[in-house]
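**Student:** Below is a structure I'd like to ask you about.
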Amino acid sequence: MMGEFTSPAAREQAIVKAHQAFSAGEWSTATTLFEKLYTDQQTAEFNRYLVASLYHDEKYLMAEQYAAEQDAVYLESTDTFQLRLDVALKNQQFIFAREFCALPAAQEWRSDGLAQIEAAEVASRQTLGETQRVLARQFYHLGDGDFTEQQQRLLRARQLPLQEFMQGVQYLLVDPFLHPLMRATLLEELLRLRVSQTVQLHWLDDQTYSVDTRQLKPVGASRAAQMMQQYLHENLEQQNPMLMANISQTITLQLMMLYPFIDKIIKNPVAWVQIVAQQSVTDQADDAELEEIKMWQDRLNRFMTALFGSIDDKNHEKP
């Protein structure tokens, strides 16, 4: 199967022509050729040339869509990093741009990158003030929509400057009507942004907690998550991969909803998994402990039912 090309020679010829068009600044031709090459083989090199061609051709949205498929390949040099940042800023992707700069691999370009982002944010307030006010208003009222709508509003809110984005996040973290998965998603944004501040958090037990964002760790870094994964791999992966996939999905959602207090609630990860899998509990666990696990799982299941109910309703709406 040759895919986009009839022979290896035809592909080689297309590569030569694409590079010639790129060198000559014939961006439209370069885009067409590199798009064909990239469709055939999704290499880092073709991705970068395609994105650069689109950027120079002022097709900024398409450049962003292709670049987002392979963000990591833009951390290889000053030039590739700058290209990814330029594309993001042309699309007002300020939050992504900051998260990109916060990556460990971006350390040597970070301060310069952040200075460019701040300048772009200031400029955007002048030119896009009204659009940003609409985005901010929709973001601050995230809890009004169903889960799918909440996800879309969050995606759009990532085009806000950091200051306005953070105002929205702080407001939403104390909103009792926000779905726990969305709350966890916002906390993960703060983790990726590496912001240093204390935020208030309305949690599943209807209490409000102060959370130091510097102390946040990824969901998968919790002791419970690691022990659960280990148990699943050792006990279910070979015997029943289908069941393991289902249990893994359920547990991932449960862990996200319990974030950032996973280890405070899941003190016996093995018993927790066995109850989710409807297996008999082999770990030492007294009745009170098992009752508490079941109580928490019932609570989380109600949130999941509400979530999947809203997604199913969306999928089955009459035209």
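The values are calculated or read from the model by the stated rules, or taken from the named source; none is laboratory data. In this text the structure is predicted, and so the values were computed from the model without any measurement. Neighbour counts are summed over all protein chains in view; Cβ atoms, including those assigned to glycine, are modelled from backbone coordinates with ideal geometry.
**Student:** Kindly provide the set of residues from the stretch 193-211 that are buried (at least 17 other Cβ atoms within 10 Å of the Cβ) and either of a type in the set (A, V, I, L, M, F, W, C) or outside the structural domain of Tyr171 (by TED's automatic domain parsing) (or both), ordered by number. Quick ask: steps written out before the conclusion?
**Tutor:** Within the stretch 193-211, the first condition is being buried (at least 17 other Cβ atoms within 10 Å of the Cβ), and the residues that meet it are 193, 195, 199, 201-203, 211.
Result: Leu193, Val195, Val199, Leu201, Trp203, Val211.
**Student:** Still on this structure, please answer the following. Within the stretch 145-173, which residues are of a type in the set (D, E, K, R), touching a residue at least 24 places away in the same chain (Cβ under 8 Å) and surrounded by fewer than 18 Cβ atoms within 10 Å (Cβ to Cβ)?
**Tutor:** Residues of the stretch 145-173 that are of a type in the set (D, E, K, R), as a first pass: 146, 149, 153, 156, 158, 164.
Narrowing the set further to residues that are touching a residue at least 24 places away in the same chain (Cβ under 8 Å) leaves 146, 158, 164.
The answer is Asp146, and nothing else.
**Student:** Within the stretch 88-103, is even one residue more than 21 Å from the chain's Cα centre (by Cα) and either closer than 30 Å to Leu135 by Cβ or in contact (Cβ under 8 Å) with a residue 40 or more places away in the chain (or both)? Before you say what the answer is, go through the steps one by one.
**Tutor:** Residues of the stretch 88-103 that are more than 21 Å from the chain's Cα centre (by Cα), as a first pass: none.
The answer is no; no qualifying residue exists.
**Student:** Something else about it: Which residues, counting only those in the stretch 145-163, are touching a Lys or Arg at 6+ places or on another chain (Cβ under 7 Å) and of a type in the set (S, T, N, Q)?
**Tutor:** Scanning the stretch 145-163 gives a single hit, Thr148.
**Student:** Residues of the stretch 256-277 being within 20 Å of Gln200 (Cα to Cα) and among the hydrophobic types (A, V, I, L, M, F, W, C), which ones? Quick ask: steps written out before the conclusion?
**Tutor:** Initial filter on the stretch 256-277 (within 20 Å of Gln200 (Cα to Cα)): 256-265.
Within the stretch 256-277, Met256, Met257, Leu258, Phe261, Ile262, Ile265 qualify.
**Student:** How about the stretch 219-294: which helices (runs of 4 or more DSSP H) wholly inside it have at least 3 residues that are more than 30 Å from Thr208 (Cα to Cα)?
**Tutor:** On the way: elements: 223-235, 241-258, 262-265, 269-276.
The helices (runs of 4 or more DSSP H) meeting that bar are 223-235, 241-258.
**Student:** Could you please find all residues in the stretch 111-135 being out of contact with any Leu (no Cβ under 8 Å at 6 or more places or on another chain) and either under 17 Å from Arg153 (Cα atoms) or not in a helix (DSSP H, G or I) (or both)? Before the answer, list the steps.
**Tutor:** If we filter the stretch 111-135 for residues that are out of contact with any Leu (no Cβ under 8 Å at 6 or more places or on another chain), which is where we start, we get 111-112, 114-115, 118-119, 122-131, 133-134.
Answer for the stretch 111-135, where residues must be out of contact with any Leu (no Cβ under 8 Å at 6 or more places or on another chain) and either under 17 Å from Arg153 (Cα atoms) or not in a helix (DSSP H, G or I) (or both): Leu128, Glu130, Thr131, Arg133, Val134.
**Student:** Pairs needed: first member in the stretch 275-293, assigned by TED's automatic domain parsing to the domain that holds Asp263; second member anywhere, among the charged types (D, E, K, R) and not in a loop (DSSP other than H, G, I, E, B); C-beta distance under 7 Å; at least 6 residues apart or different chains.
**Tutor:** These pairs meet every condition: Ile275/Lys294.
Residues checked against (1) β-branched (Val, Ile, Thr); (2) surrounded by fewer than 17 Cβ atoms within 10 Å (Cβ to Cβ); (3) at pLDDT 95 or above:
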{"residue": "Ala225", "(1), (2), (3)": "no, no, yes"}
{"residue": "His233", "(1), (2), (3)": "no, yes, no"}
{"residue": "Glu237", "(1), (2), (3)": "no, yes, no"}
{"residue": "Pro260", "(1), (2), (3)": "no, no, yes"}
{"residue": "Ile275", "(1), (2), (3)": "yes, no, no"}
{"residue": "Ala288", "(1), (2), (3)": "no, yes, no"}
{"residue": "Asp298", "(1), (2), (3)": "no, yes, no"}
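**Student:** Oh, and also: So Glu121 passes all but one of these: (1) touching a helix residue (DSSP H, G or I) at 6+ places or on another chain (Cβ under 8 Å); (2) surrounded by fewer than 17 Cβ atoms within 10 Å (Cβ to Cβ). Which condition number does it fail?
**Tutor:** (2)
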